[in-house]
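Visitor: Could you have a look at this structure, given as structure tokens, before my questions?
Coordinate-derived values only; no laboratory data. No experiment lies behind these values; they were computed from the predicted model shown. Neighbour counts are summed over all protein chains in view; Cβ atoms, including those assigned to glycine, are modelled from backbone coordinates with ideal geometry.
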Amino acid sequence: MIELLQIGNITDRMADTLEGRFTRHVLFEQTDRAAWLAEHGARIEAVLTNGHYGVPEDVADATPNLKVVSSYGVGYDAIDAPAFAARGIKVSHTPDVLNDEVADTFVALWLAVSRGIVSADRHARSGDWENGEFPLTRSIQKRRVGILGLGRIGEEIANRVTCFRGDVHYHSRNPKGVAYTYHDRAEKLAAAVDVLVCITPGGPSTRHLVNAEVLRALGPEGILINVSRGSVVDEAALVEALKAGTIAGAGLDVFQAEPKIPAALKAMDNVVLLPHVGSATVETRQAMGDLTVRNLLQWLEDGRVVTPVPECRDL
Ligand code: NAP
Ligand code: 8YV
């Protein structure tokens, strides 16, 4: 049977479907990882991983006969896809099945920040209400929303903004031929909107796309929502901007050094924090898990994967 190396957790349903098709080894169960990789690495032909762990360098180096990598998630910035493509290794991910969930997470963060939902809950729960009313908040109706990265998920975010009678603006490297307003730079996008949402991929090309200048352009009434990757936002600049009132608030699902979150962000009332749960519902994780496993089973059958990352489409 083909030997598969699992990095990170999978669901019972995924494990059950893989049973009898692959010999599954779990990397994090090995007490001496280097010794295990030295002994078993050459027999590994398949890796099952996720967007957080990707394929670490020691695993890539110790697996000369690797043929397929199936990642449980759409973002694959933790996987060196061009290097794997050059080795003829097929890399797959899970696009589309999570678009709605992540777009809904954007709405939840936007509402939570604008309407002060978390602070209002604290106000009600603590008994502070008996001493006075909760202050007025800001509506999410008829806002100008800037989408940084109008891709699969960005399009669903735009649909939701439209439901709230908002005006959609966007920036990506290429205009998309849609009716929304295009800006050729992130800074110009920020200057044109009330709410800026990051939903580009992570990795070097988007690192700190949201920096101090972009936050200044967003302005003192502006709200930043990040549901993409922590690396897209300069976290130190964001903390400064929130402290100084350069922007009004932020809703963050992702962070630079997950699962660590800067203490300064945790202490701020105008910030809502989530532990990277953009796609984390039973239904969506099941759909992602099914697609992750389907990619592996398809590869077993005919050497192809169903949803390759763009770098591996021609393999
Ligand atoms: P997608 O369809 O590939 O869309 C990405 C968009 O970003 C495209 O419009 C792309 O357009 C734009 N883009 C890429 N590089 C850029 C750059 N350097 N500057 C400006 N725009 C750039 O991807 P998706 O399926 O929507 O997913 C987007 C990302 O969301 C994932 O990669 C992942 O990091 C994140 N995500 C997070 C969660 C979560 O749990 N929080 C869940 C799922 C996904 P151009 O190429 O024309 O620029
Ligand atoms: C996952 C994500 O939580 O798909 C992505 O890119 O960020 C999330 O859906 C992540 O891949 C870890 O499994």
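Visitor: So how far apart, in nm, are the two label points at Glu240 and Leu273 if each is 7 Å from Cα heading toward Cβ?
Guide: The modelled label-to-label distance comes out at 2.1 nm.
Visitor: Round to a whole angstrom and tell me the spacing of the C-alpha centers of region 263-278 and region 5-60.
Guide: Region 263-278 and region 5-60 have Cα centres spaced 32 Å from each other.
Visitor: Let me ask another. Just flag the GluC sites (Glu not before Pro) in region 41-150 sitting in loop per DSSP whose Cβ has no more than 16 other Cβ atoms within 10 Å.
Guide: Answer in residue order: Glu133.
Visitor: For region 124-153 and region 218-252, compute the distance between their C-alpha centroids and round to whole Å.
Guide: Their Cα centres are 15 Å away from one another.
Visitor: A further question on this structure: Which percentage, to the nearest 5, of the DSSP beta bridges contained in the chain is antiparallel?
Guide: Taking every DSSP beta bridge with both residues in the chain, the antiparallel ones total about 5 percent.
Visitor: Another question, if that's okay. Which whole-Hz ³J(HN,Hα) couplings does region 39-52 yield from phi under the Karplus relation 6.51 cos²θ - 1.76 cosθ + 1.60, θ = phi - 60°, glycine and proline marked x?
Guide: 3J(HN,Hα) across region 39-52, in whole Hz: 7, 9, x, 5, 8, 6, 10, 9, 10, 10, 9, 9, x, 6.
Visitor: Of the lysine pairs in the chain, how many meet both conditions: Cα atoms under 29 Å apart, and a spacing of 8 or more in sequence or different chains?
Guide: Count of close lysine pairs: 9.
Visitor: Additional query: Can you work out ³J(HN,Hα) from phi for every residue in region 292-300, in order, using Karplus 6.51 cos²θ - 1.76 cosθ + 1.60 and θ = phi - 60°, giving whole Hz and x for Gly and Pro?
Guide: 4, 6, 4, 4, 5, 5, 4, 5, 4
Visitor: For every helix of n ≥ 4 consecutive DSSP H residues, a contribution of -39,500 (n - 2.57) applies; sum these over the chain, divide by its total residues, and give [θ] at 222 nm rounded to the nearest 500 deg cm²/dmol.
Guide: -10500 deg cm²/dmol
Visitor: What residues have an amide H closer than 5 Å to that of Gly146, excluding those fewer than 5 places away on the same chain, when H is modeled at 1.01 Å from N in the peptide plane?
Guide: His169, Asp194, Val195, Leu196, Val197
Visitor: I've got another one for you. Tell me which residues come under 5 Å, amide H to amide H, from Val69 once H is placed; ignore anything under 5 positions away on its chain.
Guide: Distant-sequence amide H within range of Val69: Val47, Lys90, Val91, Ser92.
Visitor: To the nearest 20 debye, what is the magnitude of the charge dipole of the chain about its Cα centre, counting +1 on the Cβ of each Lys and Arg and -1 on the Cβ of each Asp and Glu?
Guide: I would put it at about 740 debye.
Visitor: With unit charges on the beta carbon (Lys/Arg positive, Asp/Glu negative), name the residue among Ala217, Ala287, Pro135 whose Cα is farthest towards the positive pole of the charge dipole of the chain.
Guide: Value computed over the given set: Ala217.
Visitor: Please arrange Phe164, Phe22 by how many other C-beta atoms lie within 10 Å of their C-beta, fewest to most.
Guide: Ranked by crowding around the Cβ, least crowded first: Phe164, Phe22.
Visitor: Residues of region 40-70 with the amide nitrogen closer than 11 Å to a label point 7 Å from the Cα of Gln30, along Cα-to-Cβ, please.
Guide: Answer for region 40-70: 40-44, 58-63.
Visitor: In whole Hz, with x marking every Gly and Pro, tabulate ³J(HN,Hα) for region 267-282 from phi via Karplus 6.51 cos²θ - 1.76 cosθ + 1.60, θ = phi - 60°.
Guide: These are the phi-based 3J(HN,Hα) values: 7, 8, 6, 8, 10, 10, 10, 10, x, 6, 10, x, 10, 8, 10, 4 Hz.
Visitor: Grab the other residues whose beta carbon is less than 13 angstrom from that of Asn159, score K and R as +1, D and E as -1, and report the net.
Guide: -1
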